[in-house]
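Any read-out appearing in this document is the output of simple, stated calculations on the displayed coordinates, not a laboratory observation. Note that the structure is predicted; figures quoted are calculated from it, not measured. Note: ideal-geometry Cβ built from the backbone for every residue, glycine included; neighbour counts use all protein chains shown.
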Amino acid sequence: MAAARSLRHLAAALLALILPAGAQADAPPRTVVLGGTLAEIIAALGAEDQLVGRDATSSWPESLLALPDVGYLRAVSAEGVLSLEPELIIADPGAGPEAAVDVLRASGVPYVTVPYERSAEGVIDKITATAAALHREAEGAALAARVRSQIDEAAARAAAIPEDARRGVLFVMSLQGGAVMVGGGGTTPDSLITMAGARNVAAAIDGYKVMTDEAIIAAAPDVILMTDGGMDAAMSAAAIRAHPALGHTPAAERGDIVMIDGLMVLGFGPRVGDAVLFLNDAFYPAADRGPQP
Amino acid sequence: MTPAGVPTGRALAVLAGLALLVALAALGIGATRLGPWRLLAAIWGDGLSAQERLVLFNLRLPRLVLGMLAGGALAVSGALMQALFRNPLADPGIIGVSPGAALGAVIAIVLGGAVAPFLPFALSIPALTILFAFAGGWLAVALLSRVAFRAGRTDIASMLLAGIALAALTGAATGLLITVADDQQLRDMNYWAMGSLAGATWARVGMAAAVIVPVMALAPLLARGMNALALGEAAAHHMGFRVEALKRRAILLTAAATGAAVALTGGIGFVGIIVPHLLRQALGPDHRLILPGAALAGGVLLVAADVAARSLMAPAEIPIGILTALIGAPVFLHILLRRMAAGGGIA
């Protein structure tokens, strides 16, 4: 075996002499991504081709699903990641378990943690850091500028809405068994609702929790926002109208039920600008906003 | 008083051979290309690359050792409980050790971040989880002992019922914590509950060994007593055994071993039922054989299940608790049906 290896080394040395210098250095590193929004950013930067693996939360764009899956973000298999022979690992700070991350850091493969903060600035930072790790600064700057202009536009629209005209929004995460799981304060939908110039009527609740029926009626949301359940019949406008509490809110009575793609509203990624503008349009249809410039 | 014809040494040697085979499989099978042949070449002196060494010594080896220890601990605990209750369906889960340890772990996962700054020593959340799981298991046993050891007697029926009440209580407390947990904590709890050897590090292996190795060494000392208990408590008493002391020791060993296994590997169920059952089928009811046998066979079963858990869906992993439950629950039903067919019940 030792002889075979020295032969291989010799071959590699000969190849290096023949090939133009730098041909190998230019090949983008084989990359494993741990974190759904990071995967979205990598794809948006046009670097999807260099991905060789992903965690289970990296499911958008759908083409990523064809890549090997190394497990859920918090239950990543260290050997699974190493088996893909990555040359670069880009990870969310939440990646785990700790023991697996320690091994990956010790493996000699560059392990880049991209900071995470649930804010407009946070998304820009995330894009910039990811682009730097991939040496795609120009694409990163362009993407960041686009997201920033969308967020700025949304902020301008939100600022134009007087405080007392802000609509109350309730984000319904699930309706399993009639229990209404809502997005309270500190959740991504909460941030998006605020950025879109509305107010989250469940903001007093911390995180994703079940809201009691009476509190829902008392909160009287003007709009109900829910993720598009696709085949899930439990997540439909009809289910909202039939619900004993949700059905008696101003939102249900007037039919102001907004559906949004779950991946768009649950993660703070490069589509955050699209999401906020979409929500702003949905909460305040053009007719309500008066004459447009 | 070895019954004639029981090939004690041979049975244990066969189990040790099985353990060796499974260990080689665990070291030679995995998602990376470090296969059995490469492994043999490495033993032969052909050097491994730095990354291969990392996979071998920091991933597969600690995982193998943790699996051997945890599997052995669960199986020995099961064998002791079954002897104590004279019931092949008894399991550490029943006397409340596993639920107690689970509650401790969940408390650490959800509230650990808030508690950690007030501790006199710095601890990461995973380390805190282990500590709390130990504490939870012990606390459960202490509570149960108050209920069950009255006037110097151990009342098995009260203990079983108290175990059920304790499991319900810890379930409720866990449920309460779930409602205040954030998204990431929920996921952590979920994966912890399904059990895994994935978090194996040498530090954790050390913690497991510190508790489990002494238990494995001490358990066979109770074997004669356990054999006597099989004939009934009165009979054991007349044979000269101090029945109460015997029961207390068995319970303490179970609490320690189960607490350590649950703390370090999460909710891995049914090992304590499958392994002693198979051993009794193969080797007969002598605990001098069953107890050391369970220490080996439990490890063999868990490590084999772990090889499957990390290869079947590679590069991702299946939580190992799912696999042990898939194998264990049918075995449980099988034992139950056979007992009912023989005219017995669960008690």
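Only Lys, Arg, Asp and Glu carry charge here, each on its Cβ (+1 for the first two, -1 for the last two); on that basis segment B:10-341 has a dipole of about 800 debye about its Cα centre. Placing +1 on each Lys and Arg Cβ and -1 on each Asp and Glu Cβ, with no other charges, gives segment A:166-279 a dipole about its Cα centre of roughly 180 debye.
Between B:Trp37 and B:Leu278, the modelled label-to-label distance comes to 3.0 nm, taking each label 7 Å out from Cα in the direction of the beta carbon. Counting only DSSP H runs of at least 4 residues, each contributing -39500 (n - 2.57), and dividing by the residue count of the protein assembly as shown, the helix-based mean residue ellipticity at 222 nm comes to -19000 deg cm²/dmol. Over segment B:167-235, the pair-distance histogram of Cα-Cα distances with 5 Å bins from zero comes to 3, 12, 11, 12, 12, 14, 14, 10, 7, 4, 1, 0 percent, rounded to whole numbers.
Note on A:Glu85 and A:Ala141: the model spin-label points, each 7 Å out from Cα along the C-beta direction, lie 3.6 nm apart.
Mean per-residue shielding of peptide A:201-207 is 1, counting Cβ atoms of other chains within 10 Å of each Cβ. Can you check what the net charge comes to around A:Glu117, using other residues whose Cβ is under 12 Å from the Cβ of A:Glu117 (Lys, Arg +1; Asp, Glu -1)? That works out to -1.
Within the shell of other residues whose beta carbon sits under 14 angstrom from the beta carbon of B:Arg280, the net charge comes to +3, with Lys and Arg scored +1 and Asp and Glu -1.
Note on A:Asp228 and A:Ala160: their simple-model spin labels are 2.6 nm apart, each label 7 Å out from Cα toward Cβ.
Once you sort the root eigenvalues of the Cα gyration tensor of segment A:93-226 as a ≥ b ≥ c, which label holds: rounded (a/c under 1.5), prolate (a/b larger than b/c) or oblate (the other case)? Here segment A:93-226 falls in the oblate category. Between B:Ala165 and A:Ala179, the C-beta separation translates, for a Förster distance of 30 Å, into a calculated FRET efficiency of about 0.65.
The residue list A:Gly186, B:Asn58, B:Leu84 was ranked by how far each Cα lies along the charge dipole of the protein assembly as shown toward its positive end, using unit charges on Cβ atoms, and B:Leu84 comes out on top. With R₀ set to 41 Å, the beta-carbon distance separating B:His238 from B:Leu21 gives a calculated FRET efficiency near 0.40. Of all DSSP beta bridges confined to the protein assembly as shown, the antiparallel ones make up roughly 25%.
Between B:Ile322 and B:Asp183, what's the calculated FRET efficiency when r is the beta-carbon distance and R0 is 25 Å? Round to 0.05.
On the way: r = 22 Å, r/R0 = 0.88.
Efficiency computed from Cβ-Cβ geometry: 0.70.
Just add up the charged neighbours of B:Gly28: K/R +1, D/E -1, any other residue whose Cβ is under 14 Å from the Cβ of B:Gly28.
Details: positive: B:Arg33, B:Arg38, B:Arg60, B:Arg63, B:Arg310; negative: A:Glu79, B:Glu52, B:Asp306.
Taking every Cβ under 14 Å from that of B:Gly28, the sum is +2.
For segment B:47-136, the list of chymotrypsin sites (Phe, Trp or Tyr not before Pro) that fall in a loop by DSSP and count at most 15 other C-beta atoms within 10 angstrom reads B:Phe121. When you count the other C-beta atoms within 10 angstrom of each residue and take the mean per peptide, A:176-185, B:59-68, B:332-341 line up highest first as B:59-68, A:176-185, B:332-341. Considering only A:Val32, A:Gly94, A:Leu67, the residue lying farthest towards the positive end of the dipole of segment A:27-147 is A:Gly94, judged by Cα position with unit charges set on Cβ.
What is the Cα convex hull volume of chain A when expressed per residue in Å³?
Normalising the Cα hull of chain A by residue number yields 156 Å³.
Once the gyration tensor of the Cα atoms in segment A:166-279 is diagonalised, the equivalent ellipsoid follows with semi-axes of 20, 15, 13 Å, ordered largest first. Placing one equal scatterer on every Cα of segment A:27-147 and applying the Debye formula, the log10 ratio I(q)/I(0) at q = 0.09, 0.17, 0.22, 0.23 Å⁻¹ is -0.21, -0.76, -1.29, -1.40.
Measuring nothing but alpha carbons in segment B:248-328 and taking Rh as the Kirkwood radius, the Rg to Rh ratio lands at 1.01.
Segment B:16-33 and segment B:202-254 have Cα centres lying 31 Å from one another. Placing +1 on the Cβ of every Lys and Arg and -1 on the Cβ of every Asp and Glu, with nothing else charged, gives the protein assembly as shown a dipole about its Cα centre of roughly 3200 debye. Averaged over the residues of peptide A:105-111, the number of Cβ atoms from other protein chains lying within 10 Å of each residue's Cβ is 2.
When the Cα gyration tensor is reduced to axis lengths a ≥ b ≥ c, the ratio a/c is 1.5 or higher for chain B, and with a/b not above b/c it is classed as oblate.
Within chain A, antiparallel bridges make up roughly 20 percent of the DSSP beta bridges whose residues both belong there.
State, to one decimal in nm², a quarter of the convex hull surface area for the C-alpha atoms of the protein assembly as shown, i.e. the direction-averaged projected area. Intermediate values should be presented prior to the final figure.
On the way: hull surface 148.0 nm².
With every direction weighted equally, the projected area is 37.0 nm².
By the count of other C-beta atoms within 10 Å, a proxy for reagent exposure, A:Lys209, A:Lys126 are ordered fewest to most as A:Lys209, A:Lys126.
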